[in-house]
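Visitor: Sending over a structure as structure tokens; questions will come in a sec.
The values are calculated or read from the model by the stated rules, or taken from the named source; none is laboratory data. Remember, predicted model here, so these are calculated numbers, not experimental data. Here the Cβ positions follow ideal geometry from the backbone for every residue, glycine too, while neighbour counts run over all protein chains shown.
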Amino acid sequence: MNQDRMSEALNRAILETLLPGEGDLPGAQAAGLNAQKSATPMAPLRAAIARIAGSDEAFIDGSQTRRAAILQAVQAELLDEFTRLLAALLPDYYEAPPVIRAFGWTERPPQPDGHSIPAMDAATSVRLEKVRLRRKIWRDEA
């Protein structure tokens, strides 16, 4: 396998290990995450993954359980880089239409219609009334 295809396969394996899906919740690939777009935040982790797994191929061909154990070891070793990877991946994942549908959320933006919220309960209303009645606690002018 040439290097570019190997890199893409490794990136896909990393994504599918981190976000495998469960029940109605789609995995990374089914959610439409782009393995190449994720390549930059994955780059600092790739050498550690290959070292711990034995090679890129060993990670790619490993079981979900083995790959998860390798990523846990990489996370322990490179926590900041691993956190940056998750920070880059998770917004795209949770904003993907298949994931939104799996959670039963609406795909339309909340504005201009907003979201329906339940009526306020009596205890909250009493607490907020105290806030409403107090004076401003900041000054508009110097």
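Visitor: Which residue pairs have Cβ atoms closer than 7 Å, lie 6 or more positions apart in sequence or on different chains, and pair a first residue in the range 26-43 that is more than 14 Å from Pro91 (Cα to Cα) and in contact (Cβ under 8 Å) with a residue 60 or more places away in the chain with a second residue that is part of a loop (DSSP other than H, G, I, E, B) and small (Gly, Ala, Ser)?
Guide: Correct list of pairs: Ala30/Gly21.
Visitor: Let me ask something else about it. For the range 52-109, give me each residue that is within 18 Å of Thr17 (Cβ to Cβ), outside any helix (DSSP H, G or I) and among the polar types (S, T, N, Q).
Guide: Ser55, Ser63
Visitor: With the condition kept exactly as written, say whether any residue in the range 82-100 is over 16 Å from the mean Cα position of the chain (by Cα) and over 16 Å from Leu15 (Cβ atoms).
Guide: The answer is no, given that none of the residues of the range 82-100 is over 16 Å from the mean Cα position of the chain (by Cα) and over 16 Å from Leu15 (Cβ atoms).
Visitor: Is there a residue in the range 21-40 that is surrounded by 15 or more Cβ atoms within 10 Å (Cβ to Cβ), on the phi > 0 side of the Ramachandran plot, modelled with pLDDT of 90 or more and not aromatic (Phe, Trp, Tyr)?
Guide: Yes - at least one qualifying residue is present in the range 21-40.
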